[in-house]
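The values are calculated or read from the model by the stated rules, or taken from the named source; none is laboratory data. Source: prediction; values computed, not measured. In this analysis, Cβ positions are derived from the backbone assuming ideal geometry, glycine residues included, and neighbour counts consider all displayed protein chains. Surface areas here come from the heavy atoms of the whole protein model, side chains and all, with no ligands, DNA or RNA. Shrake-Rupley method; radii C 1.70, N 1.55, O 1.52, S 1.80 Å.
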Amino acid sequence: MAERPYTVLSASMSIDGFLDDASERRLVLSNEADLDRVDAVRASCDAILVGAATVRNDNPRLLVRSQARRASRVAAGLSPNPIKVTMTATGKLDPDASFFACGESEKLVYTSRCRVEDARLALGHVATVVDGGDPVEPRRISEDLRARGVRRLMVEGGGTTLTQFLAHDLADELQLVVAPFFVGDARGVRVVGDGPFPWNPERRGTLLDVERIDDLVLLRYALSERCPRG
Ligand SMILES: NC(=O)c1ccc[n+]([C@@H]2O[C@H](COP(=O)([O-])OP(=O)(O)OC[C@H]3O[C@@H](n4cnc5c(N)ncnc54)[C@H](OP(=O)(O)O)[C@@H]3O)[C@@H](O)[C@H]2O)c1
């Protein structure tokens, strides 16, 4: 099997397991201290991946916010911001989205083989469009990223994307933040959908750490042997 990057899944959810509610507005789950923690994780990674629905719904910039962290990356010979990565079956992404428009780092769009040509026409001036397989396979993306020099990958959601990385056993660590409220509406986006997850009652993950961040709780789970303990 080809190598893949060390992969950290990161998400914030409500007590009842939602990443987002059904409203147009972005659901605020995090707080300043946690955003700063997430910023540090971003700065420690070579690439950040989100699903296309997150690019469309949240219009995230996916940049390292702290000037000091960007400077440390540059001092280490890296670009100020990690590579941005998304996956899409349809290729329907706006080239003016912040994902493409913000920051100097490389942007990679993995799409299905039959969409590559159209996607290159629409997005080729703002991103590198890569054949992700037919249909797009998360393992192929992961291995291709490693071949492009990505040693450490952060997957920031949404639920469909987290589900795929978990179900294909492509994750080494899960950093899950729980916010102290309920969404209580099945039209919201769940942290994961259904899937043949490799961690189940017969094969439990390992709880590495529990940290209180003001009114949030951060749970860190080791999901592979590669995840450092202690
Ligand atoms: N709380 C948090 O930590 C957090 C973090 C991130 C996002 N979110 C929320 O999560 C929501 C979005 O989550 P989501 O589950 O709807 O979507 P998502 O995971 O962000 O994106 C799903 C989309 O990614 C593409 N995709 C996923 N797997 C693919 C595969 N194997 N092959 C090809 N394309 C694939 C498809 O794009 P196409 O439709 O283009 O084909 C699919 O519709 C947003 O509302 C956002 O606010 C929350």
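Condition check ((1) open to solvent by 40 Å² or more (accessible area, probe 1.4 Å); (2) without any contact (Cβ under 8 Å) to a residue 40 or more places away in the chain; (3) in a helix (DSSP H, G or I); (4) within 13 Å of the ligand (Cβ to nearest atom)) across all residues:
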| site | (1), (2), (3), (4) |
| --- | --- |
| SER12 | no, no, no, yes |
| ASP36 | yes, yes, yes, no |
| ALA68 | yes, yes, yes, no |
| ARG73 | no, yes, yes, no |
| MET87 | no, no, no, yes |
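Residues of segment 184-200 that are open to solvent by 30 Å² or more (accessible area, probe 1.4 Å) and within 12 Å of the ligand (Cβ to nearest atom): ARG187, VAL189, ARG190, VAL192, GLY193, GLY195. Applying the criterion of being without any contact (Cβ under 8 Å) to a residue 60 or more places away in the chain and in a strand (DSSP E or B) to the residues of segment 213-230, the residue that is farthest from ASP16 (Cα to Cα) is ALA222. Would you mind telling me which numbered condition in (1) open to solvent by less than 60 Å² (accessible area, probe 1.4 Å); (2) in a helix (DSSP H, G or I) LEU121 fails? For LEU121, the failing item is (1).
Annotation note: of SER112, SER79, the sole residue that is away from the ligand (no atom under 13 Å from the Cβ), of a type in the set (Ser, Thr, Tyr) and farther than 23 Å from CYS227 by Cβ is SER79. Within the option set GLY158, GLY133, being within 10 Å of the ligand (Cβ to nearest atom) and free of Cβ contacts under 8 Å to residues at least 24 places away in the same chain holds for one residue only, GLY133. Every test in (1) touching a residue at least 60 places away in the same chain (Cβ under 8 Å); (2) open to solvent by 20 Å² or more (accessible area, probe 1.4 Å) is passed by LEU145 save one, and that test is (2). Please find, within segment 89-108, the residue that is modelled with the lowest pLDDT out of those that are near the ligand (Cβ under 10 Å from one of its atoms) and crowded, with 20+ Cβ neighbours inside 10 Å. Among those residues, the one meeting the criterion is GLY91. Sub-6 Å Cβ pairs linking a first residue in segment 40-62 that is farther than 10 Å from THR86 by Cβ to a second residue that is near the ligand (Cβ under 6 Å from one of its atoms), at least 6 apart or interchain, are ASP58/ARG26, ordered by first then second residue.
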